[in-house]
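So the structure is just underneath, and the comments pick up after that.
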Amino acid sequence: MSHLGDRIRSALIDRSMRNARFDPYRSRIASAAEGRVLEVGIGSGLNLPLYGVKVRHVTGLDPSPGLLARAARRGVRRDLGLDLVEGSAERLPFPDRSFDCVVMTWTGCSIPDIAGAYGEIRRVLRPGGCLVFAEHGRSPGRAAAAFQDLLTPVWCRIAGGCRLNRDFDTLLRHSGFALQRLETGYMPGLRPLAFIYEGVAVPR
Ligand SMILES: C[S@@+](CC[C@H](N)C(=O)[O-])C[C@H]1O[C@@H](n2cnc3c(N)ncnc32)[C@H](O)[C@@H]1O
């Protein structure tokens, strides 16, 4: 993507993700994180100010230079270590077992090879570590899910690769995770975009 294209896309993502309806999810996710945290698809860093003292260091990864520049400007706790790394979830540039916790918020929908990304996340988690996530995905009703299937090819093109119909429960289980906690339900907003999978997954 061109520099200008990335800057425009970053501004749009930052604006849409600052919506207050995400706030309760962000607070819960940030308070469940601890130790050395990898945030995959950190975007403009909207979770950064929410991490509590249990989190010692955050490594934020994102393919977009424009979003990483925005994350770098985000105010963080003085004693929180922060590294921002340009890269992709399918090929994490980190050694095995290097993080206590991985955080993903509304990122899994945009990663082309999500099973590959979950494999990489398992690799970089230390034994006993966990993935804490909130994602929008496949709705439970048959008609609602069929509508998402119909809309996804077009939506994916206009919304930067976002898929509406991923079933994160099944994807995580098939990628070698056990779900320690999973809550699902609609958040306020457009129904095809609003069914949320929130939880904690641990490598099996
Ligand atoms: C809807 S935004 C969410 C941003 C942020 N997590 C938040 O909660 O505000 C989706 C994010 O996924 C990132 N992304 C897209 N493809 C990715 C990939 N292959 N690996 C890692 N992140 C990716 C995008 O650049 C963007 O920052």
So, in segment 80-123, of the ones that are among the charged types (D, E, K, R) and not in a strand (DSSP E or B), which residue ends up nearest to the ligand (Cβ to nearest atom)? Glu90
Filter segment 1-11 down to residues that are more than 10 Å from the ligand (Cβ to nearest atom) and part of a helix (DSSP H, G or I) and give me whichever is modelled with the highest pLDDT. Ala11
Tell me, please, whether a residue that is open to solvent by less than 20 Å² (accessible area, probe 1.4 Å), under 25 Å from His57 (Cα atoms), within 16 Å of the chain's Cα centre (by Cα) and within 15 Å of the ligand (Cβ to nearest atom) can be found in segment 168-175. no
So in segment 59-79, with the set limited to residues that are within 12 Å of the ligand (Cβ to nearest atom) and open to solvent by 50 Å² or more (accessible area, probe 1.4 Å), which one is modelled with the lowest pLDDT? Arg74
Regarding segment 19-29, can at least one residue be identified that is surrounded by fewer than 22 Cβ atoms within 10 Å (Cβ to Cβ) and closer than 15 Å to Leu80 by Cα? no
Residues being more than 14 Å from Met187 (Cα to Cα) and either in a loop (DSSP other than H, G, I, E, B) or at pLDDT below 95 (or both) - total across segment 17-34: 3
Being within 13 Å of the ligand (Cβ to nearest atom), among the acidic types (Asp, Glu) and either at pLDDT below 95 or out of contact with any Phe, Trp or Tyr (no Cβ under 7 Å at 6 or more places or on another chain) (or both) is the requirement here; does Glu183 meet it? no
Against the definition (touching a Leu at 6+ places or on another chain (Cβ under 8 Å) and within 17 Å of Phe133 (Cα to Cα)), how does Leu68 come out, yes or no? no
Which one is nearest to Leu182 (Cα to Cα), of the residues in segment 15-45 that are in contact (Cβ under 8 Å) with a residue 40 or more places away in the chain and within 8 Å of the ligand (Cβ to nearest atom)? Arg26
Residues to consider are Val37, Val58, Val53; find the one that is within 27 Å of Leu125 (Cα to Cα), part of a loop (DSSP other than H, G, I, E, B) and either hydrophobic (A, V, I, L, M, F, W, C) or under 17 Å from the mean Cα position of the chain (by Cα) (or both). Val53
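The values are calculated or read from the model by the stated rules, or taken from the named source; none is laboratory data. Keep in mind the model is a prediction, meaning the values are calculated, not measured. Backbone-built Cβ (ideal geometry, glycine too); neighbour counts: all protein chains shown. Accessible surface areas use protein heavy atoms only, side chains included; no ligands, DNA or RNA. Shrake-Rupley method; radii C 1.70, N 1.55, O 1.52, S 1.80 Å.
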